[in-house]
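Structure first, then comments.
Read the figures in this text as sums done on the coordinates, not as results from a lab. Here the structure is a predicted model, which is why all the values come from computation and not from measurement. Reconstructed Cβ throughout: ideal geometry from the backbone, glycine too, with neighbour counts over all protein chains shown.
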């Protein structure tokens, strides 16, 4: 993979309705809006205490120097400048050229096709510029809206991982979805 393309300028996208850019140190309020909402985090992870949350935010902002961190891209409505949510990716295995994608959308923005629209240019970047071999995503099997987004993005369900992750005291099974770079398939 070509890691030299991982710059803030290259991780800025515009679609018909959306403006998408990489999160920076000034975006705590946006990151907080999605990461501290208990409803949004139901199938993602525990809502963190303030100190742990601040540590997570700071770590995410080191992604250009620490490739073990998620690249978090914030989504804004172009017409209103309203914050909608985030899409992002993790260089899960650089040697295997495998990249995980994920997303979170504010409740009031759901059901409008925003995640699908925002993820497409990011996925194109991952395949075309970064040169990844495979994109994958996982979600709790109960999180129907999330796996439907994966399917709209042409990811294929590859399996189910039993008792894959825990939120609070609840263990969840996950669907695993993947897509091989069309130029390599």
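Quick look at the numbers
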quantity	calculated
Extension gain (nm, one decimal) between residue 29 and residue 120, 0.36 nm per residue minus Cα-Cα	30.3 nm
Value of [θ]222 nm, deg cm²/dmol, for the chain, DSSP H segments ≥ 4, -39500 (n - 2.57) each, nearest 500	-7000 deg cm²/dmol
Packing-based exposure ordering (other Cβ within 10 Å, fewest first) of 63, 5	5, 63
Order of 133, 78, 60 - criterion: other Cβ atoms within 10 Å of each residue's Cβ, fewest first	78, 133, 60
Inverse of mean 1/r across different Cα pairs in region 67-185, Kirkwood, Å	15.0 Å
Scaled radius of gyration (Cα, divided by 2.2 N^0.38 Å) that region 1-138 gives	1.00
Mean shadow area of region 36-93 over all directions, Cα convex hull, nm²	5.2 nm²
Fewest-first sequence of 171, 70, 147 by Cβ atoms within 10 Å of each Cβ	171, 70, 147
